[in-house]
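Participant: I have a structure here, written as structure tokens, and I will follow up with some questions on it.
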Amino acid sequence: MKETSEQSHAATALAGVAEALVNGSCPLPDVAAAGQPRAEDFRRLADAGYKSIIDLRHPAEDRGFDEAAVARDAGLRYENIPVTPPTLGDAEFDRFRAVLMDPANRPLLVHCASANRVGALLIPYLMLDEGRPVGVALELAKRAGLRSQELADVALQYVKANGASGL
């Protein structure tokens, strides 16, 4: 299907807002990745057309404001999937993939403190749900912010356990 100029303009606007965030990027056309947004960023995200926020930070991590309330006040869906290196497992990957696969949630922003966890959580989605090869998935994850080999290894173990070939 050919992209219209209106769709192209919308995608550019979405990317522009995402890339203005700390460590912001758009690894996929309607999925943005970033470090912790500021309270004032949520209104800009909503105004640009974002529908949802996936926050990968543990509730004990200080954001400096009530993120869930600020996101909802801006008209955004808010989902917290707490991810820490010692607790990252199947439940977090499963929940993340389910939220990403629901078209009603898109376009969406996924964030943690720095975008490192975002990249790790994207790997299984990219490989299992979009059928991307491991090299492409890792490159997109790095573009999204992945820097931790430990988190990448956990993600790849999940992918292998859930049926991906070529690992």
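Participant: Before we move on, is A91 of a type in the set (G, A, S), surrounded by 13 or more Cβ atoms within 10 Å (Cβ to Cβ), more than 19 Å from R38 (Cβ to Cβ) and free of Cβ contacts under 8 Å to residues at least 60 places away in the same chain?
Facilitator: Considered against the rule, which asks whether it is of a type in the set (G, A, S), surrounded by 13 or more Cβ atoms within 10 Å (Cβ to Cβ), more than 19 Å from R38 (Cβ to Cβ) and free of Cβ contacts under 8 Å to residues at least 60 places away in the same chain, A91 comes out as no.
Participant: Can you say whether R117 is in contact (Cβ under 8 Å) with a residue 40 or more places away in the chain, within 25 Å of A48 (Cβ to Cβ) and surrounded by fewer than 19 Cβ atoms within 10 Å (Cβ to Cβ), as far as the supplied structure shows?
Facilitator: no
Participant: Suppose we filter V70, V83 for residues that are within 20 Å of L21 (Cβ to Cβ), touching a His at 6+ places or on another chain (Cβ under 9 Å), without any contact (Cβ under 8 Å) to a residue 40 or more places away in the chain and crowded, with 18+ Cβ neighbours inside 10 Å; which single one remains?
Facilitator: Within the list V70, V83, the selection yields V83.
Participant: Yes or no: E61 within 17 Å of G35 (Cβ to Cβ), surrounded by fewer than 15 Cβ atoms within 10 Å (Cβ to Cβ) and either modelled with pLDDT of 95 or more or touching a His at 6+ places or on another chain (Cβ under 9 Å) (or both)?
Facilitator: Yes, satisfied.
Participant: Now a separate question. For the subset of the stretch 22-58 comprising residues that are of a type in the set (K, R) and more than 17 Å from R106 (Cβ to Cβ), which member is surrounded by the fewest Cβ atoms within 10 Å (Cβ to Cβ)?
Facilitator: R38
Participant: Quick check on this structure: which one of L45, L100, L128, L88 is under 17 Å from the mean Cα position of the chain (by Cα) and within 18 Å of L21 (Cβ to Cβ)?
Facilitator: L45
Participant: Residues in the stretch 3-19: is at least one exposed (fewer than 13 other Cβ atoms within 10 Å of the Cβ), at pLDDT below 95 and part of a loop (DSSP other than H, G, I, E, B)?
Facilitator: Scanning the stretch 3-19 turns up at least one residue that is exposed (fewer than 13 other Cβ atoms within 10 Å of the Cβ), at pLDDT below 95 and part of a loop (DSSP other than H, G, I, E, B).
The values are calculated or read from the model by the stated rules, or taken from the named source; none is laboratory data. Keep in mind the model is a prediction, meaning the values are calculated, not measured. Glycine gets a Cβ as well: all are built from the backbone with ideal geometry, and neighbour counts include every protein chain shown.
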